[in-house]
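Step one of this worksheet: look at the structure below.
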Amino acid sequence: MAIEAGTSTYYQAKRGIVQDGLVLHLDAGVKESYSGGTTWRDLGLSKKNASLINGPLFTKERGGGIVFDGVNDKVQVSNFFLNPDDFTISSFYMSDFTYGVPSRRPIFGMYFSLSSVSNIIWLGPAYNHQYIEATVAYNYPAGSTNTINRQTHIGGSYKKTNHLAMSYSFSSKTLKLYRNGSLINSGTNNNMFAHNAIPTFTFQLGEYNGTTGILFHGNMYNFSVYNRQISDNEVAQIYNSTRHRFGL
């Protein structure tokens with residue numbers, strides 16, 4: 001069963017979580033990370049605290065989460081740089097948007113620029129809950145399809161708590177997509193990804209920062225970033241160490 005609100009401790013949040021390469025660790029169910037207001041504190045060593053923008057609310061469900069309204073709510077992490085060469089993104093979330101436009105509602109979407117070429121990283125539900133999707137793309141959308149590495153999985157996520165993770169390695173050009181601790185899709189594209197691309201906008205959650213109006217609608221319970229492509233076993237470890245909180 002899912003735990004009651006407020007019973008997730010700092011120790012529980014970190015116990016079992018992979019620490020090697022962890023550069024951002026936000027968890028709304030832990031008072032040391034979120035205790036009200038507009039600051040969502042980083043539990044990791046970097047202490048890159050996040051700011052809640054436009055009034056996201058707090059929910060006690062599943063021990064605690066941040067509620068995004070799908071209109072203009074977002075979370076920004078200033079002075080935080082995601083290295084697009086090697087990374088892993090992990091989050092427990094519940095999507096609550098209805099069918100319509102836009103059909104993609106990202107947990108995370110980042111726009112990068114290198115020599116006037118557009119590059120993106122994307123993770124979240126897509127096509128009105130019919131898919132979940134992880135994407136890295138070079139020269140997008142101007143480039144041909146061979147400059148896109150997109151991994152998808154058919155399966156609705158509407159009003160269901162899920163754990164999603166994506167990982168990417170520049171050396172192998174491999175993108176992996178995970179759901180609830182299991183690898184569900186992976187692919188390699190040697191045309192990818194732009195090396196040393198620089199973020200064009202502030203790192204943020206709940207909105208693709210390259211286009212206005214593409215926002216997440218639902219609850220985000222935690223969010224973590226690693227500066228390396230962690231292993232399949234490590235993703236499973238992250239999921240299994242936290243899943244009981246969500247009744248999974």
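The values are calculated or read from the model by the stated rules, or taken from the named source; none is laboratory data. Quantities reported herein were computed from a predicted structural model and do not represent experimental measurements. Ideal geometry is used to build each Cβ from the backbone, glycine not excepted, and the neighbour counts take in all protein chains shown.
Tabulated data
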| quantity | calculated |
| --- | --- |
| Region 162-187 - residue that is under 14 Å from the mean Cα position of the chain (by Cα) and among the hydroxyl-bearing types (Ser, Thr, Tyr) and, of those, nearest to residue 61 (Cα to Cα) | 178 |
| Residues of region 15-57 satisfying the condition of being small (Gly, Ala, Ser) and part of a loop (DSSP other than H, G, I, E, B) | 16, 21, 28, 29, 33, 35, 36, 37, 44, 46, 55 |
| Filtered residue count, region 221-248, keeping only those that are among the hydrophobic types (A, V, I, L, M, F, W, C), farther than 23 Å from residue 81 by Cβ and either crowded, with 20+ Cβ neighbours inside 10 Å or without any contact (Cβ under 8 Å) to a residue 40 or more places away in the chain (or both) | 1 |
| From 87, 97, residue being closer than 20 Å to residue 166 by Cβ, crowded, with 16+ Cβ neighbours inside 10 Å, at pLDDT below 90 and among the aromatic types (Phe, Trp, Tyr) | 97 |
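Residues checked against (1) surrounded by fewer than 19 Cβ atoms within 10 Å (Cβ to Cβ); (2) modelled with pLDDT of 95 or more:
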residue: 8; (1), (2): no, no
residue: 13; (1), (2): no, no
residue: 31; (1), (2): yes, no
residue: 40; (1), (2): no, yes
residue: 47; (1), (2): yes, no
residue: 52; (1), (2): no, yes
